[in-house]
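Participant: Structure incoming, see below.
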Protein chains: 2
Amino acid sequence: MRSGERRITLADVAAEAGVSVACVSIVMRGAPGAGESTRERVLKVAQELGYRPDSRARLLRSGRSRLLGVVFDVRHPFHHDLLTGLYDAAGAAGYQLTLSAVTPRRGERTAVGDLLQDRCEAIVLFGGNMRSSELASIAARLPVVAMMRSARRKDVDVVHNDDALGSHQAVDHLVSLGHQRIAHVDGGTVHGSAERRAGYQEAMRRHGLAEHIRVVPGGAAEEDGARAAEKLLVDPPTAVTVFNDLSATGLLDVVRRNGLSVPGDLSVVGYDDTSLSRLAHIDLTTIGQDIDGLAARAIERAVERIEGTPSGPRAVIIPPRLVVRTTTGTPSGPAGR
Amino acid sequence: MRSGERRITLADVAAEAGVSVACVSIVMRGAPGAGESTRERVLKVAQELGYRPDSRARLLRSGRSRLLGVVFDVRHPFHHDLLTGLYDAAGAAGYQLTLSAVTPRRGERTAVGDLLQDRCEAIVLFGGNMRSSELASIAARLPVVAMMRSARRKDVDVVHNDDALGSHQAVDHLVSLGHQRIAHVDGGTVHGSAERRAGYQEAMRRHGLAEHIRVVPGGAAEEDGARAAEKLLVDPPTAVTVFNDLSATGLLDVVRRNGLSVPGDLSVVGYDDTSLSRLAHIDLTTIGQDIDGLAARAIERAVERIEGTPSGPRAVIIPPRLVVRTTTGTPSGPAGR
DNA sequence: CCAGGATCCTAGAACGTTCTAGTTGCCATG
DNA sequence: CATGGCAACTAGAACGTTCTAGGATCCTGG
């Protein structure tokens, strides 16, 4: 019961089973070169002793670790959903994941540094604010896949959602409901906000609504949405697309407190389809990212790089889809003013 | 720029600097036994070559990994807050964290299994539904600290919030506002719900309100709170304490949809102080757990076990604190019926 | 001029695996 | 009755570190 016992090793199993260490190694790996009866006996002994292979020693020798490092941000709910998808995809490809978290007091560089020491064969990075040149210097050592961000570097793979298309879907949806005066609350300096903003602007022009284009400064947090709402209320549009769900939640709150009804007076579309947007009394129409698709493609890119198979383009862009809930409806005024 | 280069090792640095491998090791570890000039030269060369110690090889030799395994659930927002605290506490104690996530498709046993292979020196478990006996069998191999759950085993350390006290604080707060008819929405089979329920009952009795004790079945999810609300509405109390914030959110939604005002007609207290409860339009009065305290004590327990220092009691219970927001107020009826 | 002790450095084993290059024993074949 | 071949196993090096046990070199004091 004491915990300091000493770890059970191949040698222990070998001694107990009366065979060589090498033979046990063969059996444990399921490699050819061992007879059926010894195989059974060795497995039984290993089981009894509670043997667990030491992955570190294993990879020290074999060079391969079949380990993929993942950097995620503890504060971002979407990252957690994505982790779920990544575990599945990695497992299917025969790789393990090793996680390193970014927290309010633990930066991205620290998180990456830890992974570098861990001998993983590739690194998957969620968003973050590293510069492309920093990514490149990591990519010089091992394959890097950046998710939910772009990188103007040929040596970094990029897998993300088609932000511009998402904005198009949001605007198309609102226009099909009859809206014309559609504003956009921006995401500031966060990755993807430029693309979402540009997509909004282009979609508006495509619908001949260039004169109604209106971009309000915002950000990724709830308060950013709340502040944007106050600006909008001076001269409210009939609909608004917001950078993300959290910001949209802040906006919703201020709008309703000011006596406007949603979607009666104002339709609101978020972005990300986080669990927040699914809460009953938020029930936000939003743009959902294809989590499993993103995860699968990211792992695919990483594995291709690791195994040196000639791969396709370095950027994979996945289409999102509109999720209609109850914050969007037809505009109340006959023609939106 | 190719990624398959071959890792830079101590030997490379040694050759380049014209010293022995052992000497470089000394310098890299900051151990005594190297002259100032060589120290500088070696560090410079290591820097130039981009040397990074291979933590796996290091710990293979040294036995110690200074690595703490953490099992957390991707779906639980509270776990993420706790991770932040744990990273800080572990860093301060000179340990690294290695994370293993539980996801909807990746169970606790898998998560623990991965850590066991990783040579960490102790395991910290967040909640979960493993049986005490399973915990004990892991604890036979290495120290286990269970957080946010209890374990009737002497060989497992336990660090959690004082659930009963939290319920007392909630009831005390409501009573001090003048409430008498205070109900409780239960958490079902989730860890801590029995303690929170018992705490509620005891606090009610302490205030001489035994006749008003009313426990409604619930759970940890939003819908559980919503369902409980429907039951409560048949004969509404003036206040309710809910198992957790998420459930409270569901309850709030149903209550408001049915035309009751909060806190006018009904005061609501949640539990956990998750980021959800801080959202402007939820703004839930709740019981906050002391995250940094929990994290610090958990690491402390783990390190004590690892280093074999004679430690105190195996269970550490940390008092929570009431966080008053806007979902609680004085009851509207003169004496709450 | 030599003993004694610092100070700086090195050789080589060890950690728990994997892997290459055998070695053994057995059976079939000519 | 040698020979070849195959299946089943083993010895020992290797992976990149740490650590123990020394070996130089130099200074200091008698």
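Participant: For A:R29 paired with A:R141, estimate the spin-label separation in nm (one decimal), with each label point 7 Å from Cα along the Cα-to-Cβ line.
Facilitator: Roughly 2.7 nm, to one decimal.
Participant: While we're on this one: Given a Förster distance of 35 Å, report the FRET efficiency between A:R61 and A:R109 from their Cβ-Cβ distance, rounded to the nearest 0.05.
Facilitator: 0.70
Participant: For the protein assembly as shown, what is the percent of antiparallel DSSP beta bridges, rounded to the nearest 5?
Facilitator: 10 percent
Participant: Using r as the Cβ-Cβ distance of B:R257 and A:K231, and R0 as 35 Å, what FRET efficiency do you calculate, to the nearest 0.05?
Facilitator: Taking R0 as 35 Å, the efficiency between B:R257 and A:K231 is 0.75.
Participant: Amide H to amide H, which residues 5 or more places from B:V124 or on other chains are under 5 Å from it, using H placed in the peptide plane?
Facilitator: When sequence neighbours closer than 5 places are left aside, the close amide H contacts are B:G69, B:V70, B:V71, B:V145.
Participant: Tell me, A:M204, B:M130 in order of fewest to most beta-carbon neighbours within 10 Å?
Facilitator: Starting with the residue having the fewest Cβ neighbours, the order is B:M130, A:M204.
Participant: Next question, about the same structure. Work out the FRET efficiency for A:K44 and B:L49 from their Cβ-Cβ distance, taking R0 = 35 Å, and round it to the nearest 0.05.
Facilitator: 0.15
Participant: Now, a different point. Along Cα-to-Cβ, 7 Å out, sits the label point; list in nm, shortest first, how far the one on B:A11 is from those in the other copies.
Facilitator: So the distances to the same position in the other copies read 2.2 nm.
Participant: Could you work out [θ]222 nm for chain A from helices alone, using -39500 (n - 2.57) per DSSP H run of at least four and dividing by all its residues? Round to the nearest 500 deg cm²/dmol.
Facilitator: -13500 deg cm²/dmol
Participant: Further question: Starting from the 7 Å offset along Cα-to-Cβ, what nm value, one decimal, do you get for the label separation of B:R206 and B:A22?
Facilitator: Taking the simple label geometry, B:R206 and B:A22 are separated by 6.5 nm.
Participant: Please list, by residue number, every one of the trypsin sites (Lys or Arg not before Pro) in the stretch B:77-181 that is coil in DSSP and has at most 14 other beta-carbon atoms within 10 Å.
Facilitator: Passing sites in the stretch B:77-181 are B:R105, B:R131, B:R152, B:K154.
Participant: Which far-off residues, 5 or more places away or on another chain, put their amide H under 5 Å from the one on B:R325, with H placed in the peptide plane?
Facilitator: Amide H to amide H, under 5 Å and 5 or more residues apart or across chains, B:R325 pairs with B:T285, B:T286.
Participant: Please state the Cα pair-distance histogram of the protein assembly as shown with 10 angstrom bins from zero: what percent is in each bin?
Facilitator: 3, 14, 21, 23, 20, 12, 6, 2, 0
Participant: Something else: If amide H atoms are built 1.01 Å from N in the plane of the peptide, which residues on other chains or at least 5 residues away come under 5 Å of the amide H of B:L97?
Facilitator: Those lying under 5 Å, H to H, from B:L97 are B:L68.
Participant: Oh, and also: Just checking the output field for A:49-60: average partner chain Cβ neighbours within 10 Å of each residue's Cβ?
Facilitator: Working: counts 0, 4, 0, 6, 2, 7, 6, 12, 5, 3, 4, 7.
That average works out to 5.
Participant: Separate question: Give me the net charge of A:A15's neighbourhood, meaning all other residues with Cβ under 14 Å from the Cβ of A:A15; Lys, Arg count +1, Asp, Glu -1.
Facilitator: Residues close to A:A15 contribute a combined charge of -1.
Participant: Moving on to the next point. If you take the charge dipole of chain B about its Cα centre, with +1 on Lys and Arg Cβ and -1 on Asp and Glu Cβ, which of B:Q117, B:G250, B:A136 is farthest toward its positive end?
Facilitator: With unit charges placed on the Cβ atoms, the residue in question is B:Q117.
Participant: Shape call for chain A from the C-alpha gyration tensor, a ≥ b ≥ c root eigenvalues: rounded (a/c under 1.5), prolate (a/b greater than b/c) or oblate?
Facilitator: Judged from the Cα gyration tensor, chain A comes out prolate (a/c at least 1.5, a/b above b/c).
Participant: Shifting gears a bit: Could you state the angle between the C-alpha long axis of helix B:108-117 and the longest principal axis of the C-alpha atoms of chain B, as a value from 0 to 90 degrees rounded to the nearest 10?
Facilitator: The angle comes out near 20 degrees.
Participant: Which whole number gives the average, over all residues in A:97-107, of C-beta atoms from other chains lying within 10 Å of the residue C-beta? Mind showing how you got there, number by number?
Facilitator: Working: counts 5, 5, 8, 5, 9, 2, 8, 4, 5, 6, 0.
Mean shielding by partner chains, rounded to a whole number: 5.
Participant: How would you rank B:F126, B:F72, going from fewest to most other Cβ atoms within 10 Å of each one's own Cβ?
Facilitator: Ranked by crowding around the Cβ, least crowded first: B:F126, B:F72.
Participant: Can you put A:T274, A:T309, B:T241 in order of Cβ neighbours within 10 angstrom, beginning with the fewest?
Facilitator: Ranked by crowding around the Cβ, least crowded first: A:T309, A:T274, B:T241.
Readers should treat all values here as calculations from the given coordinates under stated rules, not as data from a laboratory. This is a predicted model, so every value here is computed, not measured. Glycine gets a Cβ as well: all are built from the backbone with ideal geometry, and neighbour counts include every protein chain shown.
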